[in-house]
Every structure is written in C-alpha cells, then in structure tokens.
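Structure first, commentary second.
The values are calculated or read from the model by the stated rules, or taken from the named source; none is laboratory data. All of these numbers come straight from a predicted model, not from anything done at the bench. Cβ atoms come from the backbone with ideal geometry, glycine included; neighbour counts cover every protein chain shown.
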Amino acid sequence: MITNQAYLFLIFTVNGIIIGLLFDFFRILRKTMKTKDIVTYIEDFIFWILTGAIILYSIFTFNNGEIRFYMFFAILLGAITYLLFVSKYVIKINVTIITFLKKVILKIVYFVSIPFLFIVKILKKLLMKPVLFCIVNIRNNFTKLGKKIFHFSKKDKNYVKN
C-alpha cells in the first residue's frame, strides 16, 4: 500500500515536471514570436486543456480514477521544482536555438529569393514601359481632345454673340 502510494507520488511528481515543460513551451513561443493578445488567450486555453487532460489521464490510468490530496501536492511539487531549478536553462537554450534557426532560415529565404526578385524587376521594366507609354499617349490624346472641344465651344459662343 505504501509502495503503491510512493509510486503514485513519483508519477504525479513527473506529471508536475511535464506540466512545467508544457508551460515553458508556451513561454518559449511567446519569447521567440510576437503574437496578438487573442493568440495568447488561445495558447493559454490550450495549455489548460492539455494540463487537465494530462492530470485526468494519469488519475484514471495509474489510480483507477481515485483522487487523493497527495497527487495534487506531488504535481505542485514537481512543477515548482522544475520551474525553480531547470526552467530558466531550458528557456534560455531553446530561445537561443530558435532565434538562431530563425536567422538562418531568413537568410536562406533571402538568398533563394534573390533570383526571383531579379526576374520580377526585369519583368516589371519590360512590361511597365509599354503600359506607361500607352497610358501617357491616351492621356495626352484625351487632353488634346478636351482642348479642341473647349476651343470649339468657345468659338460657338462668340459666333452666337455676333
């Protein structure tokens, strides 16, 4: 009986550590990526759903659905122990790795996109010159037509007066 309870205490202490890791996972996401408030709320909701699922799964799997006070004490002990002694190192290492990977990926995307940007620039020049030529000529022709119409209407007014 006591060995079974010690075993359960150890299992729920590990659950606390797992919950601490899950908490750090979301903290690392927030430190490496800027998100809007609504995304943060959704992440918090997902964290609590996953935490509840982990605890319920452990209770039903290892203790046949029986809830004991020491289980929650063990979860709290595991989470606090993890957060006090391990968390800052896990966060620091993962943020450094993710930041480095983001920089590498951005550089790769930049270098891969250079030929495409060059092609777009050339196509823009080739396609925009004829389009701009047409637009300028159409505008000039409409301006000339407008001046002629205005000039004729002015002549008509002078003709009527005389």
(message) Let me confirm something: among 49, 11, 18, which residue is β-branched (Val, Ile, Thr) and without any contact (Cβ under 8 Å) to a residue 24 or more places away in the chain?
(response) 49
(request) Take the residues in segment 41-90 that are polar (S, T, N, Q) and surrounded by fewer than 14 Cβ atoms within 10 Å (Cβ to Cβ), then tell me which one is modelled with the lowest pLDDT. (result) 64
(request) Could you tell me which residue of segment 57-113 is farthest from the chain's Cα centre (by Cα), considering only residues that are among the small types (Gly, Ala, Ser) and part of a helix (DSSP H, G or I)? (result) 74
(message) Can you find, within segment 92-110, the residue that is farthest from residue 33 (Cα to Cα) among those that are free of Cβ contacts under 8 Å to residues at least 24 places away in the same chain and of a type outside the set (A, V, I, L, M, F, W, C)?
(response) 110
